[in-house]
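Worksheet: one structure, shown below.
Laboratory data are not the source of any read-out in this text; all were calculated from the coordinates shown. No experiment lies behind these values; they were computed from the predicted model shown. Every residue, glycine as well, gets a Cβ built from its backbone with ideal geometry; the counts of neighbours run over all protein chains shown.
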Amino acid sequence: MLNIVVIHNGIHELELMFQPTAEASYTFVRTGPGFPERLAATLATADALLVPNGSDHVAMLDASNVVVEFLQAGKTLFCFDGWFTAWIPGNHWQMDNSRRTIEIRYQIGTDQHNILDGVAIDELIFNHGISGWWACGFITPAANAEVLLTDTWGRAMVVLDEATTPGRMILTSSGPLADFRYDGSNSNALSHLYRNLLEYSSQKIQP
């Protein structure tokens, strides 16, 4: 089981999306005064840090040294949100709404570890028949990072980086990636992808 710390900056009912299961337990750390120190203390016994959609990336920049130390210890970072401050080592996110969403399609990249197995890519492309809903930008990946999913123009949407630090970073350009939806369902493509990421990360827990 992965012990996961989730960043919480007051998003309504965020806890419903990350409920304890046989695969993962969750501890929520609120942003606000003393955030870097509280995060560091909580991460001391964690396997992974998860930054969900809608997070406070100004607060994450303040805690960037904490994140780097966590990764240097061989742990896992999940970031499922476009990060507009430079707190993630080696990888950069760029907001871009200049492309026509009707043209957006996603394709599987290299995926050497079969993380996208069983994930319905069309569900990531279309939401109620509307394409391009899942990402409002793209990732410029670090050297030697693996690009799991690209868009119409070959830009990185999902990145696995196990080269920049001793740990691993699993990054998405955006998207409400979580185990559960607010209604409690977890049979959608995003939930499937999330559980695949948990399974892969659990294999990397150091004894």
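Points worth noting:
- Rough spin-label spacing in nm, given labels placed 7 Å along Cα→Cβ, for Ser187 and Leu61: 4.4 nm
- Think of the chain as having a plus end and a minus end, set by charges on the Cβ of Lys, Arg, Asp and Glu; of Tyr194, Val58, Leu124, Val58 sits farthest toward the positive end of this dipole.
- Gyration tensor (alpha-carbon) shape descriptor, segment 136-179, a/c threshold 1.5: oblate
- Built amide H within the under 5 Å cut-off of Thr27, gap 5+: Ile4, Val5, Val6
- Helical mean residue ellipticity (222 nm; -39500 (n - 2.57) per DSSP H run of 4+; nearest 500) of the chain: -6000 deg cm²/dmol
- Chymotrypsin sites (Phe, Trp or Tyr not before Pro) lying in DSSP loop within segment 141-207, provided at most 13 other Cβ fall within 10 Å: Trp153, Tyr182
- Mean Cα-pair separation over length for the chain, i.e. relative contact order, pairs under 8 Å, 6 or more apart, %: 22 percent
- Residues Arg168, Arg38, Arg100 in ascending order of nearby Cβ atoms (within 10 Å, fewest first): Arg100, Arg38, Arg168.
- Segment 10-119 shape via C-alpha gyration tensor axes, a/c threshold 1.5: prolate
- Taking the C-alpha atoms only, the angle from helix 189-202 to the longest principal axis of the chain is near 40 degrees.
- DSSP-defined antiparallel bridges as percent of all bridges, the chain, nearest 5: 50 percent
- This ranking places Thr85, Thr76 by how few other beta-carbon atoms lie within 10 Å of each, fewest first, which gives Thr85, Thr76.
- Prolate/oblate/rounded call for the chain, Cα gyration tensor, a/c under 1.5 rounded: rounded
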